[in-house]
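Below you'll find the structure, written out as structure tokens, and then a few comments.
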Amino acid sequence: MALAPSAFAQKITLSGRIIDKETKEPLPFATLGIKGKAIGTITNLQGEFDFHIPAELRNDLFTLSMLGYKPYEAPVWTLLEIKPLVIEVEKSTYLLNEVTVADSLTGGEILMIALSRIEQNYPMQPYLIEGFYRDLKKVGGTYIALLEAAVKIYDEDYTEPRNKYKLRERVALQEVRRSIGYASRFTSYFDQDNLLEDLLLHNSVRYRHFPLEEVFYKSLEREKETVYNGHEVYVVSHNQDYLLRVFVEKDNYAIIRVEFESKQEEALTKKRGMESRFVGLKRVMEFKPFLGKYYLNFLTVDSKINWYDIRTKELKFETELNQYLLVNDIVPNTIRRVATTEKMRNYGLQYQDRPYNKEFWDNYNVIKESPLDRKILKDLERHGPLEKQFKDHEF
């Protein structure tokens with residue numbers, strides 16, 4: 001299969017932590033990369049990272065970007081010998097203190113301009129991205145299952161689709177690993193469809209999931225502006241029935257980040273004498289520039305559903321699904337497509353046939369585990385070491 005790696009190129013690994021220079025607080029979801037290259041990763045919730053880099057790039061520049069902070073660069077080789085590696089990043093010194101009103105644009109006008117320029121700012125030629133996907137399932141506060149996958153995602157372009165809820169991308173599955181918890185009876189209370197495909201549909205920029213009504217654009221407010229990679233950024237927000245915050249670069253009106261949160265309850269389905277209610281959703285997506293266009297950098301979605309006794313209306317248990325997609329590499333203007341025979345199936349990833357490949361995972365950029373993940377490991381390892389579960393619980 002053409003998309004599967006035939007060999008593992010020699011790699012070096014940068015391991016470290018990113019913190020705020022003044023407060024010493026960790027910086028989660030900071031974007032790390034190599035200058036002029038498409039490869040990258042992000043920090044975890046504790047600001048920690050393991051970044052696997054081809055050995056031939058040891059003399060290239062390591063880069064770090066985060067909203068509100070000065071960009072950071074240093075040759076890779078200079079960082080390899082620093083143990084422990086802690087990079088302190090400064091807040092931008094030229095942030096606007098308040099919203100600049102000299103340009104007279106309203107929040108709604110800024111977003112409308114940004115949406116009208118999607119086809120200028122985002123890829124309009126076929127492209128391929130390499131990604132790391134993770135989903136975690138939690139019941140009653142306890143993690144019961146973990147699944148991780150390495151994928152290739154092909155898309156024609158960012159043209160507005162006629163059907164905004166039908167997946168346009170094609171996805172090829174490279175590798176999958178899962179915990180034994182997928183045998184739990186509680187997993188049946190989670191959606192059994194392909195959760196990665198569902199996650200991709202949350203890309204509000206790709207699928208234009210913004211209201212069309214004029215009243216929505218009139219409701220948008222301008223917040224204090226920020227910076228990203230040395231560029232000034234508009235921040236517009238909506239905070240009525242739900243929270244929406246959109247970050248737009250001032251020089252080209254590219255949307256670089258979208259945050260959405262909703263806590264509206266909604267009845268969903270009935271199963272085994274119980275009924276479910278959707279109780280909350282939080283979504284964050286960020287984009288990064290490469291060769292003049294903006295590509296998805298990462299996408300996270302956390303959703304919560306509660307299950308009630310149909311007869312008594314008593315809450316029986318709570319479920320939570322945490323999903324992450326991290327883009328590791330980008331191939332723009334590609335002629336390589338995901339063929340029908342390579343495309344992953346449209347049912348649950350946990351049922352798709354891939355053996356556990358430890359050598360692959362040891363060299364693949366994933367979101368580094370952190371002390372905050374110890375509870376996840378403790379919960380999941382009730383059935384034995386996670387590494388053994390990956391190996392024993394093959395497809």
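Computed from the coordinates by the stated procedures, all read-outs in this text should not be read as laboratory data. Here the structure is a predicted model, which means the values were calculated and not measured. FYI the Cβ positions are ideal-geometry reconstructions off the backbone, even for glycines, and counts take in every protein chain you see.
Counting each DSSP H run of 4 or more residues in the chain as -39500 (n - 2.57), what helix-only mean residue ellipticity at 222 nm follows after dividing by all residues, to the nearest 500 deg cm²/dmol? Result for the chain: -3000 deg cm²/dmol, rounded to the nearest 500. When only Cα pairs below 8 angstrom with a gap of at least 6 residues are kept, the chain shows a relative contact order of 20 percent. The trypsin sites (Lys or Arg not before Pro) of the range 128-216 that DSSP puts in a loop, and whose beta carbon has at most 15 other beta carbons within 10 Å, are Arg162, Lys164, Lys166, Arg208. Suppose R0 equals 41 Å. What FRET efficiency, 1/(1 + (r/R0)^6) with r the Cβ-Cβ distance, do Glu381 and Ser237 give to the nearest 0.05? Efficiency at R0 = 41 Å is approximately 0.50.
Taking every alpha-carbon pair in the range 110-233 and binning the separations at 5 Å intervals from zero gives 2, 8, 14, 15, 15, 14, 13, 11, 7, 2, 0 percent.
In units of the rule-of-thumb radius 2.2 N^0.38 Å, the range 19-141 shows an alpha carbon radius of gyration of 1.36.
In the chain, a dipole from Cβ-located charges (positive for Lys and Arg, negative for Asp and Glu) runs towards its positive end, and of Ser303, Tyr234, Thr319 it is Thr319 whose Cα lies farthest in that direction. Send over the Kirkwood Rh of the range 7-74, from the inverse of the averaged 1/r over different Cα pairs, rounded to one decimal Å. Result for the range 7-74 stands at 12.5 Å. How fast does the chain diffuse by Stokes-Einstein, in µm²/s, taking the Kirkwood radius from C-alpha pairs at 25 °C and 0.890 mPa s? Estimated diffusion coefficient is 109 µm²/s. Entry note, the range 27-126: relative contact order of 18 percent, from Cα contacts under 8 Å with a spacing of 6+ residues. The trypsin sites (Lys or Arg not before Pro) of the range 216-282 that meet both conditions, a loop assignment by DSSP and at most 14 other Cβ atoms within 10 Å of the site Cβ, are Lys224, Lys263, Arg272.
Just how large is the dipole of the chain about the Cα centre, in debye to the nearest 20, putting +1 at every Lys and Arg Cβ and -1 at every Asp and Glu Cβ?
1040 debye
Per 0.36 nm of contour for each residue apart, how much would the distance between Gln120 and Ala267 grow if the chain were fully extended, relative to their Cα-Cα spacing?
Between Gln120 and Ala267, full extension yields 49.0 nm more.
Toward the positive end of the charge dipole of the range 11-122, with +1 on the Cβ of Lys and Arg and -1 on the Cβ of Asp and Glu, the farthest Cα among Ala114, Val76, Ser65 is that of Val76.
What longest region of the chain stays clear of GluC sites (Glu not before Pro) that DSSP places outside H, G, I, E and B and that have at most 12 other Cβ atoms within 10 Å? In the chain, the maximal stretch lacking such sites is 99-212. Hydrodynamic estimate: the Kirkwood radius of the range 175-254 over Cα pairs, inserted into Stokes-Einstein at 10 °C and 1.306 mPa s, corresponds to D of 97 µm²/s.
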